[in-house]
Amino acid sequence: MTLEIRLMTVDDYEDVYALWSTSDGMNLGEEDSRAGIALYLERNPGCCFVGTEGGRLVGTALCGHDGRRGILRHLAVHQDARGRGLGKQLVRACLEALAAAGISKCNVSVMDSNAAGLCFWQHLGARVLEYDWRTLQLATGGRAGSTTGSQFTEKPMSNLMATLRAALHQLEQERATIDRQIATLRSVLGHTKAAPAAQPARTTMVRRRKMSAAARKLISQRMKALWAKRKAAAQTKGKH
């Protein structure tokens with residue numbers, strides 16, 4: 001039978017949710033209720049798709065945008081329909097819909113534990129973005145599909161300052177730890193500016209030769225990561 005791609009409607013919800021519930025790496029929440037999906041489809045017309053085969057729903061892709069960036073989530077293909085390019089077709093349909101809306105880039109969120117999902121997206125040409133910030137989230141006080149007012153509660157400024165001081169203290173401790181680790185790694189790799197007088201140059205060379213190539217590579221990578229973390233800590237301290 002032929003695989004077909006069409007727009008998702010709220011009438012597909014039961015079959016869509018059943019597929020999501022049996023798909024590995026799928027993180028479902030209250031926004032994935034029928035009311036939540038109905039609201040999402042209304043907000044993003046022409047961007048969400050399903051794949052069918054002989055009238056049976058075998059694939060989904062939930063897609064939308066905020067006017068600046070697109071986001072594609074809940075891409076799922078039934079096990080019986082995998083290996084036939086359906087996932088790629090659903091992604092292509094979503095990207096074409098975003099392009100038609102004037103959106104040039106689309107983000108995809110993949111859980112670290114979803115190794116198969118990461119491989120799939122990277123195979124399609126997606127690149128992993130290395131962020132230097134954290135994503136925070138506020139509750140509006142309402143549920144998906146409801147009109148309940150916000151229950152936003154502002155914490156006292158004193159609490160915020162205490163939190164910032166605690167964060168700064170933690171960064172300073174981490175920086176001190178990083179400094180010690182970098183010094184140790186430099187010593188192991190022979191990158192210190194001047195070797196101790198009690199350690200002849202010949203002894204240093206022997207130790208370096210005994211170190212395996214794999215171990216040296218691992219330590220070098222660790223040094224780079226520590227330097228990056230130290231730099232981020234210094235920048236954060238400078239902001240406060």
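Listed here are the residues, each with its yes/no results for (1) surrounded by fewer than 19 Cβ atoms within 10 Å (Cβ to Cβ); (2) closer than 18 Å to Val91 by Cα; (3) aliphatic (A, V, I, L, M).
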position	(1), (2), (3)
Met26	yes, yes, yes
Arg43	yes, no, no
Ala61	no, yes, yes
Gly67	yes, no, no
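Restricting Leu90, Leu95, Leu75 to residues that are surrounded by 11 or more Cβ atoms within 10 Å (Cβ to Cβ), in the same structural domain as Ser23 (by TED's automatic domain parsing) and touching a residue at least 60 places away in the same chain (Cβ under 8 Å) narrows the list to Leu90. Among the residues of segment 98-119, those that are at pLDDT 90 or above and either outside any helix (DSSP H, G or I) or not assigned by TED's automatic domain parsing to the domain that holds Phe49 (or both) comprise Ala101, Gly102, Ile103, Ser104, Lys105, Cys106, Asn107, Val108. Restricting segment 78-87 to residues that are of a type in the set (Gly, Ala, Ser) and either crowded, with 18+ Cβ neighbours inside 10 Å or not assigned by TED's automatic domain parsing to the domain that holds Trp20 (or both) leaves a set whose member that is farthest from Cys63 (Cα to Cα) is Ala81. Taking every residue in segment 116-134 that is without any contact (Cβ under 8 Å) to a residue 60 or more places away in the chain and pairing it with any residue that is surrounded by 10 or more Cβ atoms within 10 Å (Cβ to Cβ) and aliphatic (A, V, I, L, M), at least 6 positions away or on another chain, the pairs with Cβ-Cβ distances below 6 Å are Leu118/Val110; Trp121/Val108.
The values are calculated or read from the model by the stated rules, or taken from the named source; none is laboratory data. Predicted model, so just to flag it, every value in this text is computed and none were measured. Don't worry about glycine lacking a Cβ; one is built from the backbone with ideal geometry, like all the others, and counts go over all protein chains shown.
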